[in-house]
Amino acid sequence: MLVNLKNLVIAGAVSLSTLTGLVTATQAQDYPERAIEFIVPWGPGGGSDTLMRIVANNAEQYLGQPLAVINMPGVGGTVGLTEASKRDADGYTISQIHEGLPVANKTGLTDINWDTFDPIALMTSSPQYLVVRADSPWKTFEEFVAYAKENPGAIKTGVTLGGVPHLHAAMIEDAAGIELSYVGYEGTGERIRALVGGNLDAAIGDISSSLEFVKNGDLRFLATGAAERLDATPDVPTLKELGHDLELTITRGIVMPKGVPKEARDTLESALEKLSQDPAFVEQINNAGAEVDFRGQEKYRTYLEKLDATIDRLVGRLAG
């Protein structure tokens, strides 16, 4: 076919731009023809690496080609994402983002943002919780808010300063009209241990870091940022139930370098949607402490746009 088209170009019957478009479309229809490089911009063993390897290990049966994971950690995920953004838009490089990228962009850590890429599909969600010690005076979120209103800045809250947990706490502050004070910790496990040890009054945590402490009677979940109550914590109300239109989750989604042909983007989106409905895949994600939360290109972009607007509004709190 390609030879015949080239002859037509020489004869003047078909323009070069038309030929290029036809060839690109033909290649996209055959996509993927080889393995796809999956740049995970975090180190081995962390949450992103664990969850994205589950995606990679299960995707081939739906995509027809393997996803080859390459870890490129550094500077809050921006090293690997910068590299991914420079790759050819041929469909053979994908990467992963979460809320940390727009936070890093808005706080001046990097020039790239989610819209540097073409978002393909949100895959997993790790709902976050407002956690307090079990011996605290607050049995409910409403009691926590009432105390915070009467005592501005008195509640010492553990977050990663300038990071996603800080954003989530700021979202609670903004929605509830309260003021918290912050203590910075590098990782979730570190701040949850500090909470258990009595060095904090509250923290932003998740199931994998906090549930065992809740079961042991050391900690209490006051609210979750999940869209609906979770099977693992059926008695914990969502912030939406409590009257606050908030999603406090760490979501992990797949992106491609900007400009990949639509046919290739749609093929990958379709394969990932089928994967998200695979019971074995869902079980593996749940066992890793997360939820499957598939959203295709349009819904994922809508989520990211809303998140971006929220960070724009609250960035002053993150920098302070």
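Assorted remarks:
- Helical mean residue ellipticity (222 nm; -39500 (n - 2.57) per DSSP H run of 4+; nearest 500) of the chain: -14000 deg cm²/dmol
- Overall form of segment 212-318 per C-alpha gyration tensor (a/c, 1.5; a/b vs b/c): oblate
- Gain on full stretching of the segment that runs from Ala175 to Ala35 - 0.36 nm per residue minus C-alpha separation: 45.9 nm
- Rounded to whole numbers, the Karplus 3J(HN,Hα) couplings from phi for segment 281-297 are 5, 4, 4, 5, 5, 4, 5, 8, x, 10, 10, 7, 9, 5, 9, x, 3 Hz, using 6.51 cos²θ - 1.76 cosθ + 1.60 with θ = phi - 60°, and x at Gly and Pro.
- Pairs of Cα atoms nearer than 8 Å and 6+ residues apart set the relative contact order; for the chain it is 25 percent.
- FRET E, pair Ala227, Arg313, Förster distance 25 Å, beta-carbon r, rounded to 0.05: 0.75
- Difference of contour (0.36 nm per residue) and Cα-Cα distance, Glu143 to Ser208: 20.9 nm
- Considering only the chain, percent of DSSP beta bridges that pair antiparallel, nearest 5: 65
- Share antiparallel - DSSP beta bridges, segment 108-245, percent rounded to 5: 60
- Helix 47-63 axis versus longest C-alpha principal axis of the chain: approximately 40°, rounded to the nearest ten.
- Legend: calculated FRET efficiency, Ser270 to Asp135, from the Cβ-Cβ distance at R0 = 51 Å, rounded to 0.05, equals 0.50.
- Magnitude of the charge dipole, segment 93-164, Cβ model with Lys/Arg +1 and Asp/Glu -1, debye to 20: 260
- Area of His244 that stays accessible when all protein chains are in place (1.4 Å probe, Å², to 10): 40
- Dipole-positive endmost among Gly177, Ile192, Leu130 within segment 124-197 (Cβ charges, Cα centre): Ile192
- With an a/c value under 1.5 for the gyration tensor axes a ≥ b ≥ c computed over the alpha-carbon atoms, segment 121-225 is described as rounded.
- Val75/Asn199 FRET efficiency (R0 35 Å; Cβ-Cβ; nearest 0.05): 0.80
- Principal-axis analysis of the Cα atoms of the chain puts helix 2-11 at an angle of about 60° to the longest axis.
- Anisotropy class of segment 76-129 from Cα gyration tensor, a/c 1.5 cut: oblate
- Bins of 10 Å, starting at 0 and running to the largest distance - Cα pair percent for segment 176-247: 18, 47, 34, 1
- Potential extension, Asp115-Thr302 segment - 0.36 nm per residue separation minus Cα distance: 66.2 nm
- Stokes-Einstein, applied to the Kirkwood radius of the chain over Cα pairs at a viscosity of 0.692 mPa s and 37 °C, places its translational diffusion at 156 µm² s⁻¹.
- Accessible surface of segment 205-258 [probe 1.4 Å, protein heavy atoms]: carbon and sulfur percent: 45
The values are calculated or read from the model by the stated rules, or taken from the named source; none is laboratory data. Not measured: the values here are computed from a predicted model. In this analysis, Cβ positions are derived from the backbone assuming ideal geometry, glycine residues included, and neighbour counts consider all displayed protein chains. Calculation scope for accessible area: heavy atoms of the full protein, side chains included, ligands and nucleic acids excluded. Shrake-Rupley method; radii C 1.70, N 1.55, O 1.52, S 1.80 Å.
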